[in-house]
Amino acid sequence: MGCGTSTIVPANEPSAQKTMKAALLIQMWYRRYLARLEARRRYTWNIFQSLEYADEQDQLRLYNFFNDMISQLHLSSENSDDNQQNSLLSLLRMPSRPDTEMKNGEDEDANLYKHTDPQTIVVPMTYKGPRLDYPLKLDHVQCLIDAFKGRQVLHAHYLLELLHETRRILKMNSIISHVHTRISQQVTVVGDLHGKLDDLLIIFYKNGLPEARNPYVFNGDFVDRGPNSVEVAVLLFACLLVNPLSVYINRGNHEDHVMNLRYGFIKEIMTKYKGHATKLIRLFGDVFSWLPMATVIDDKILVCHGGISNRTDLDYLKTIDRHKYISILRPPTSSRDGYDSDDSDYNDDITEWQQVLDLLWSDPRPTCGCSMNTFRGGGSYFGPDVTKSFLAKHGLELLIRSHECKPEGYEFDHDNQVLTVFSASNYYEVGSNRGAYVKLGANLKPRIVQYMATKQAGRKLTIKQRVSYVEASALRSLREKLYASKTILLEEFQKRDPDNTGKLLS
Amino acid sequence: MSEKNSEEGKENAENLTDEIGRKIADAFDVFDHDSNKTVDVREIPNIIRSLGCCPSEAEMQDIILEIDEDDSNGYIRYEKFRPIMTKILMERKYRPATEDRILKAFQVLDTDNKAYLTQDELKEYMTKEGDAFNQDEMDEMLSAAVDPEKGYILYKEYAALMTVEDT
């Protein structure tokens, strides 16, 4: 039957056939070895992904925790003039909507400027880092790149200025951007970068800096997790300022104050900017709330961070005031704002919030229909039927989204109607995945470019070495997680082991 | 299991079926990304091979044809996969070659009896004979098989090394 049973080659067989059989035997044997490695790689992947999403699941619950903390701190700060506490309070208060008395746009702008005025921060003579002046030029971008490669940090004064300029440009745009490739004949879509400067620099190196003939769509999640969120954000914003008509930046679920509190961006700002951190955090949060949430290319391709649901409606989205979502993790509440639960305003708020949440948090699934994204704790799972009818309804051909790390940096789903692109290579661990970006030519056919940023450039690891390395790291993370939850686990085990045998029945 | 089996034999057989069933379920789950008891048909070769089977490419195609359903959309259901895979494992089909047999296969390719193969020789055989390797498979094999000092493949050591790693 199988070739395995055809044992040793009989001596009287012609030599060509002997050679063929020997080669075949080695090939079958080796492919089994590769398959086993692949299985190990998948195990590892599953561990990392479960750990990552278990974290996100807590996010909505975490929001309530912060809200409680804010009200507690608020109470205690009324009886105290402790500066430390007040600055913490102002940090935590970020996610609330602009105060009602601030509804007037000009007042709000003036108030924000008062608290984040770059002129109040003097650049010392000893500062050796990059300096910016406006209007920003391509040379400035190159200068920033060189400085960041040399691990320099942009001074808070220049960073505040850059953020104010960015905010001014973003405010003029709408919630959905439109890109046309008629003149450029191409456009590049970049997925999650998560503070990984190396990956952004590889993309710019391979694909060139953005300019009129080389437009880019950055599809959100450029901050958090990685060590250079500030630098990545600065470069994207600087590119936007130099080429406002060739750079489009979509908001991701991590361009969100509450996510930043937990996933590293705020910690990075506090480490790099110490005394000026409060101002920067406030301004970053405001800039993020002005980012568009989707981009449409040539009326044919929708690019958004997470995806869609069966209620997603682009015409409805156009009516949304995006700026009020400083954090998207805040469900509209009926009690706090004095709504009745059957109040139509409240229901409108919920409908609107869900539209935004779906766009930034959803994941595609192979099964038909739409359901709550329980794994993430926010957004929807959408099936091929949802994609098909959404695209048909809006006269679109393709949905490009990011949001999920993929081993190859990209993945096609839903009969090639959904393309996931993820641009942070080595996301879970060195060697865990490639990064990719998508080039769309004049015919809008997606061409994928893959890469992998490595510190030890030139040193090519075998799959075996990569798998072993990443596997060790996954097990380490898992052990840490187990250790961190040791008390809870032990308690639960003991509940199921009333006789203290030290064993559990399966 | 046949009726001739004694009670004890039957019990052993049941244990064996249980164990095989668990192995199949585990191997399947690793590739079932959406945890809905289906896998992409392109993952099937990996699942079958990770369960320790070494069918040829033609045999692999036959297995896939058997488990692929008309309305599958490129996804294989666990319900369809399990009985066919159980049968393969129970009948001990497509068993992997022993180290000894791999060594003999290398010796057949080593026509000059020099106890090693050059990189070009191995490439020639692996990419032109049998179920030819693609570029990735070839690169991966060479990256680990070539002796870093000598620059060629000492296949006896290589076969032994691979057998150890495999367990």
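The values are calculated or read from the model by the stated rules, or taken from the named source; none is laboratory data. What you see is a predicted model, and the numbers here were worked out from it, not measured in a lab. No Cβ is skipped: glycine too gets one built from the backbone with ideal geometry, and neighbour counts run over all protein chains shown. The area values use the complete protein model at the heavy-atom level, side chains included, leaving out ligands, DNA and RNA. Shrake-Rupley method; radii C 1.70, N 1.55, O 1.52, S 1.80 Å.
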(request) Just one of (1) out of contact with any strand residue (DSSP E or B) (no Cβ under 8 Å at 6 or more places or on another chain); (2) open to solvent by 30 Å² or more (accessible area, probe 1.4 Å); (3) within 10 Å of chain A (Cβ to nearest Cβ) trips up residue B:80, so point out which. (result) (3)
(request) Please go through segment B:111-145 and pick out each residue that is of a type in the set (D, E, K, R), over 28 Å from residue A:468 (Cα atoms) and under 19 Å from the mean Cα position of the chain (by Cα). (result) B:129
(message) Restricting to segment B:128-143, give me the number of residues that are assigned to a helix (DSSP H, G or I), open to solvent by 50 Å² or more (accessible area, probe 1.4 Å) and under 15 Å from residue A:34 (Cβ atoms).
(response) 4
(message) Among the numbered criteria (1) at pLDDT 95 or above; (2) within 23 Å of residue A:300 (Cα to Cα), which one does residue A:183 miss?
(response) (1)
(request) Identify the residue in segment B:114-137 that is out of contact with any Phe, Trp or Tyr (no Cβ under 9 Å at 6 or more places or on another chain) and facing another protein chain (nearest Cβ under 10 Å) and, among all such residues, is modelled with the lowest pLDDT. (result) B:136
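Could you look through segment A:408-434, keep only residues that are among the aromatic types (Phe, Trp, Tyr) and in a loop (DSSP other than H, G, I, E, B), and pick out the one that is surrounded by the fewest Cβ atoms within 10 Å (Cβ to Cβ)?
Within segment A:408-434, the subset among the aromatic types (Phe, Trp, Tyr) is A:410, A:412, A:422, A:427-428.
Retained after the next criterion (residues that are in a loop (DSSP other than H, G, I, E, B)): A:427-428.
On the way: A:427: 23, A:428: 20.
That would be A:428.
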(request) Restricting attention to segment B:83-92, report how many residues are among the hydrophobic types (A, V, I, L, M, F, W, C) and facing chain A (nearest Cβ under 10 Å). (result) 1
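Each row is one residue, and each column tells you yes or no for (1) open to solvent by 10 Å² or more (accessible area, probe 1.4 Å); (2) over 16 Å from the mean Cα position of the chain (by Cα); (3) facing chain A (nearest Cβ under 7 Å).
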site	(1), (2), (3)
B:22	yes, yes, no
B:36	yes, yes, yes
B:39	no, yes, no
B:46	yes, no, yes
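Take residue A:198 and decide whether it is open to solvent by 10 Å² or more (accessible area, probe 1.4 Å) and either among the acidic types (Asp, Glu) or in a loop (DSSP other than H, G, I, E, B) (or both).
Numbers: open to solvent by 10 Å² or more (accessible area, probe 1.4 Å): yes; either among the acidic types (Asp, Glu) or in a loop (DSSP other than H, G, I, E, B) (or both): yes.
So residue A:198 fits the description; yes.
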(message) Please determine whether any residue of segment B:93-113 is more than 8 Å from chain A (Cβ to nearest Cβ), assigned to a strand (DSSP E or B) and touching a strand residue (DSSP E or B) at 6+ places or on another chain (Cβ under 8 Å).
(response) no
